[in-house]
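All remarks here apply to the structure that follows.
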Amino acid sequence: MSDKKIPDEALRAPLEALSRQDPDVAKAYIECGLPPTRSQDAGFNGLVGMIISQQVSVQSAKAILGRLLEQVGEITPENILALDDDGMKAAGLSRPKQRYTRALAEDVLSARLQLERLSEMADDDVIDHLIQAKGIGRWTCEVYLLFALKRPDVMPAADLALQEAMKHLKGLENRPTPKEMYELSESWRPFRSAGARFLWHYYRHAGIA
């Protein structure tokens with residue numbers, strides 16, 4: 001996953017639309033501006049990157065992914081299954097993440113997961129398909145929809161940084177639950193992906209992190 005410090009102009013129109021309907025977004029948008037560009041590879045390579053990024057910082061995930069690439073050359077199901085435990089450990093993958101990446105590789109090679117079909121599926125169908133894989137929960141599915149498939153109306157409501165950002169944005173006493181995140185962002189449809197991107201940006205820019 002790349003996170004360049006270049007403003008993402010594709011977010012300008014949806015964030016301006018959100019600003020017109022949500023005064024809290026409008027105020028924060030004036031303060032923080034556009035989020036930086038950020039992208040994620042689709043397919044097996046992208047999902048491995050998302051498994052690696054679970055519960056670690058962006059910097060740590062990049063370092064682990066870089067070491068994994070040094071081990072395998074190219075992240076493919078075949079190369080992942082050929083890498084032994086020592087190689088996985090040297091790359092920095094925890095034992096659970098070793099199991100998850102291998103299980104994902106097996107699912108792809110057996111066609112239990114058909115990643116090439118995801119771009120044709122509705123958002124809920126993508127989630128239902130991916131969540132079959134070991135180690136892939138709703139958060140990973142929603143982040144994959146948002147960054148890899150570039151779907152416009154996704155809110156990864158279980159993300160703790162988004163919850164904390166929403167708490168500050170809305171002046172809440174407590175961090176909202178995933179259910180409350182969906183409720184609070186309901187009025188942001190059909191631009192919830194832009195709203196989520198902005199909340200991550202706000203989380204870093206406003207010193208909440």
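No value in this document is a laboratory result; all are computed from the given coordinates. As the structure is a computational prediction, the values presented were derived from the model and not from experiment. FYI the Cβ positions are ideal-geometry reconstructions off the backbone, even for glycines, and counts take in every protein chain you see.
A few comments on the model shown:
- Of residues in the stretch 7-55 being among the β-branched types (Val, Ile, Thr) and more than 19 Å from residue 139 (Cα to Cα), the one surrounded by the fewest Cβ atoms within 10 Å (Cβ to Cβ): 30
- In the stretch 164-183, the residues that are assigned to a helix (DSSP H, G or I) and closer than 24 Å to residue 128 by Cα: 178, 179, 180, 181, 182, 183
- Helices (runs of 4 or more DSSP H) wholly inside the stretch 56-163 containing at least 3 residues that are surrounded by fewer than 20 Cβ atoms within 10 Å (Cβ to Cβ) and free of Cβ contacts under 8 Å to residues at least 60 places away in the same chain: 58-72, 77-82, 85-91, 95-109, 123-130
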